[in-house]
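Here is the structure we will look at, set down as structure tokens.
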Amino acid sequence: LMRVKMCASRNMQKTNLFASQQNGSAADAADYDKNQVLDLLLAQKMAFTQDFLRARNLAFSGNKLRLRERLANYVDSQTLSIPDLISLLNQIEGWGRQHIYLYRCVDRLVEDWSSEAFAVSQLKRAGLIDLLDAQRTLLLPEVPTITSIHWSPSRMKLVWVEARHWEQRLQDEDIAKADLVWRAYKRHISRGIVTFEWNLLNGRAMLMIEQLPRGFRYSESRDFFASEMEPIVSLGRFQPIQVSKAIKPIEQSEPVRCRQIAFESPTGATAQFTSASRSRDVYQDDTFESAADIMRDSTIGSDGNFYWQKGGGLSRELHCRIYGHDQRVGIFGQHREADVRHVLEKIIRHSS
């Protein structure tokens, strides 16, 4: 058995936006290690990097090793820069392996933020006006650091980057000597992107947290970044969208393969159905289908694990899960922005 131990809690790392900006300033001038950047980039799906090179009329063919050689040569020849690759990494990580909280704006906040003068005044007050429509290319900042702010009359977007330190328990590597025992842990560091995006035309917003290591809590990360946003805009003025309402409509009317679904009764009792494998729909079992038919009218959906099928707006199959306990949507695997938005729009529509 293995367990993950956080090296430090969110509270220990907590810093406000002003401190984050100061910490990031020194990192802007850092001489990033090329191999570290390439390691992080090539841990993602190759297709995204190949699309990036193709758009610049640069050679992109070959396996992952050959692609790494190409990228290294482009950097050495100054055809591409390290900031170019970090910006690409931000784009890829910003849409793959996301856990998302969806919101609606509940007051006149949209009207205020639709004004450029208002947006500029708020960012000046927060000391962040220099980041408006700009981007700082940070790789692994030790504290969560805001790296870009975009504003237009139709959208506002805030992006943070953070280094995530964690430890993995390795029991087989423990050392026992007499009455002393050395417990073994393997240290890990990963890179995380967190994005708050707000549509100023319809008032909908989302907080997107790139997948956390096991042992981290998404609710804690959500609350941490809500406090980081406070000098700019208060997340408390938004109403969370109850995505669990979408579970039953999705499994009944959308082109999905239902891997797992859970129902909850008015008294809090739950029943969960899981298919025999990831490639099979739970309703291929006649017994479970009959049981679910009986439950639907008197229960609510509390958990839905779906594979959305390619076609009808999706370029490839997309695996997502709706977590009713904290009204969160999980998107698994690397996906294109258009595909993620397509599925989220469906979930929002079914949640109303």
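The set of residues from segment 34-45 being surrounded by fewer than 17 Cβ atoms within 10 Å (Cβ to Cβ), among the aliphatic types (A, V, I, L, M) and in a helix (DSSP H, G or I) comprises just one member, L42. For Q171, the requirement of being of a type in the set (S, T, N, Q) and either at pLDDT 95 or above or touching a strand residue (DSSP E or B) at 6+ places or on another chain (Cβ under 8 Å) (or both) is not met.
Considering segment 248-338, the qualifying strands (runs of 3 or more DSSP E), each wholly inside and each with 3 or more residues that are modelled with pLDDT of 95 or more, run over 256-264, 300-308, 318-323, 328-332. Tell me, which residue of segment 290-340 that is in contact (Cβ under 8 Å) with a residue 60 or more places away in the chain and of a type in the set (V, I, T) is surrounded by the fewest Cβ atoms within 10 Å (Cβ to Cβ)? Here the residue is V340. Scanning segment 53-109 for residues that are part of a strand (DSSP E or B), hydrophobic (A, V, I, L, M, F, W, C) and more than 16 Å from the chain's Cα centre (by Cα) gives a single hit, C105. Filtering segment 110-137 to residues that are modelled with pLDDT under 95, part of a strand (DSSP E or B) and of a type outside the set (S, T, N, Q) leaves only A134. Taking each residue of segment 97-109 that is farther than 30 Å from R214 by Cβ and looking for partners that are polar (S, T, N, Q) with beta-carbon atoms closer than 6 Å, six or more apart or interchain, yields R104/Q239; V106/Q239. Scan segment 204-226 and tell me whether some residue there is closer than 20 Å to S351 by Cα, in contact (Cβ under 8 Å) with a residue 60 or more places away in the chain, touching a helix residue (DSSP H, G or I) at 6+ places or on another chain (Cβ under 8 Å) and open to solvent by 40 Å² or more (accessible area, probe 1.4 Å). Yes: segment 204-226 contains one or more residues that are closer than 20 Å to S351 by Cα, in contact (Cβ under 8 Å) with a residue 60 or more places away in the chain, touching a helix residue (DSSP H, G or I) at 6+ places or on another chain (Cβ under 8 Å) and open to solvent by 40 Å² or more (accessible area, probe 1.4 Å). R349 meets each of the listed conditions (1) in a helix (DSSP H, G or I); (2) open to solvent by less than 30 Å² (accessible area, probe 1.4 Å); (3) out of contact with any His (no Cβ under 6 Å at 6 or more places or on another chain) apart from (2). Being touching a residue at least 12 places away in the same chain (Cβ under 8 Å) and open to solvent by 80 Å² or more (accessible area, probe 1.4 Å) is the filter; apply it to segment 254-278 and report the residue that is farthest from G330 (Cα to Cα). Taking the candidates together, the pick is P266.
Residues in segment 138-159 that are in contact with a Ser or Thr (Cβ under 6 Å, 6 or more places away or on another chain), of a type outside the set (S, T, N, Q) and part of a strand (DSSP E or B): I146, V159. Annotation: W166 fulfils all but one of (1) touching a Phe, Trp or Tyr at 6+ places or on another chain (Cβ under 8 Å); (2) surrounded by fewer than 13 Cβ atoms within 10 Å (Cβ to Cβ); (3) not small (G, A, S); the unmet one is (2).
The values are calculated or read from the model by the stated rules, or taken from the named source; none is laboratory data. Everything quoted here is computed from the prediction, not taken from an experiment. So basically every Cβ, Gly included, is an ideal-geometry build from the backbone, and we count neighbours across all protein chains shown. Note: accessible area is taken over every heavy atom of the protein model, side chains too, but ligands, DNA and RNA are not part of it. Shrake-Rupley method; radii C 1.70, N 1.55, O 1.52, S 1.80 Å.
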